[in-house]
Structures are given as structure tokens and as C-alpha cells.
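Undergrad: This is the structure I want to talk about, given as C-alpha cells.
The values are calculated or read from the model by the stated rules, or taken from the named source; none is laboratory data. All values derive from a computational prediction rather than experimental measurement. Positions of Cβ are backbone-derived with ideal geometry, glycine not excepted, and every protein chain shown enters the neighbour counts. We work out accessible area using only protein heavy atoms, side chains counted, and drop any ligands, DNA or RNA first. Shrake-Rupley method; radii C 1.70, N 1.55, O 1.52, S 1.80 Å.
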Amino acid sequence: MLRMRLTDLYDMRDLDDDEEMLFHAVSDDALEFDFEVRTMPAGQITTVKTALGDLTVVEAMEALAEDWQHELIAFKRENFDEDRVVILEDDRIIDGNHHLVAAHLEGRDLRYIQLTDAPEPAPPRP
């Protein structure tokens, strides 16, 4: 079973960027947690929702994506990285939207880690 830490996927500059969803979804305690890398079958990808709202990622990209996003998805389809790991929190994507859509369009399985696997943050000391 493959395991991975968030710090294996991102450098601290990315993890400290408060404009990224990941910054708000991850506690400091989870940064060094060894997450199990799971595989989502291609047919299940259409069920993953956006981090905001009730649209799935695929629905949101079809309805709302800008030209640059379509170009990025096309690039990711042509250069599909089967080792890329996306980040989910329950049934919502936190990071990897464009890769997820590329996997869907290519009919490829998707590797992911589930943030809810991490332990709850330790309470502050009194």
C-alpha cells in the first residue's frame, strides 16, 4: 500500500498560501501524516463535488470553465500524469480539479488522498 505525506506532494510555500483551498482544509497536525494513496475508478469520478456548492467538478467545468481552464485540461489530457495525486475531503475536491476532469475525459482511474483520514488536530494546551 502506497502512503504519502502532504509535504511529499507540495512544498511549504504552497501549503502556506492562504489563497489556496488546501491551506484552509489542512491542520498543521495533518502535514506530516502518512495518508493512504487510494485509486478512484474512472466511473466514480463524476460523483466528486466542487469544494464550493453542490455541482460536481465535471458539471462545473462544463458549465463554468474559462478558456484558460479548457486549455489546461487539454494539456493535462495530452500529458496525463498517472502518478498525480489529488486531494479530497469526503466527496469534495480540495486540490486537483483540472487533473480530475482530464482523468474523466480520458476514462482513466484517479489517485487521491482523503483528508478525513488524518487525525483531528490536537487541542491547544491550557
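Undergrad: Consider only pairs whose beta carbons are under 7 Å apart and that are at least six residues apart or on different chains; among these, list those whose first residue lies in region 47-65 and is farther than 15 Å from His98 by Cβ and whose second residue is part of a loop (DSSP other than H, G, I, E, B) and open to solvent by 50 Å² or more (accessible area, probe 1.4 Å).
TA: Thr47/Asp91; Lys49/Leu55; Lys49/Asp91
Undergrad: Let me ask you something else. Can you name every residue in region 43-100 that is more than 21 Å from Glu19 (Cβ to Cβ) and of a type in the set (Ser, Thr, Tyr)?
TA: Result: Thr46, Thr47, Thr56.
Undergrad: Of the conditions (1) in a helix (DSSP H, G or I); (2) open to solvent by 80 Å² or more (accessible area, probe 1.4 Å), His99 clears all except one; give me its number.
TA: (2)
Undergrad: Looking only at region 28-54, how many residues end up being open to solvent by 30 Å² or more (accessible area, probe 1.4 Å) and either within 22 Å of Pro119 (Cα to Cα) or in a loop (DSSP other than H, G, I, E, B) (or both)?
TA: Residues flagged as open to solvent by 30 Å² or more (accessible area, probe 1.4 Å) and either within 22 Å of Pro119 (Cα to Cα) or in a loop (DSSP other than H, G, I, E, B) (or both) within region 28-54 amount to 13.
Undergrad: What are the residues in region 82-110 that are within 13 Å of Thr46 (Cβ to Cβ) and β-branched (Val, Ile, Thr), if any?
TA: Ile93, Val101
Undergrad: Could I ask something else about it? Report, ordered by the first and then the second residue, all pairs with beta carbons closer than 9 Å, sequence separation of six or more or different chains, a first member in region 1-25 that is without any contact (Cβ under 8 Å) to a residue 24 or more places away in the chain, and a second member that is open to solvent by 80 Å² or more (accessible area, probe 1.4 Å) and not acidic (Asp, Glu).
TA: Listed pairs, sorted by first residue: Asp18/His24.
Undergrad: If you don't mind, another one. Conditions first: (1) buried (at least 19 other Cβ atoms within 10 Å of the Cβ); (2) touching a Leu at 6+ places or on another chain (Cβ under 6 Å). Gln114 passes all but one, so which condition is the exception?
TA: Gln114 satisfies all of (1) buried (at least 19 other Cβ atoms within 10 Å of the Cβ); (2) touching a Leu at 6+ places or on another chain (Cβ under 6 Å) except (1).
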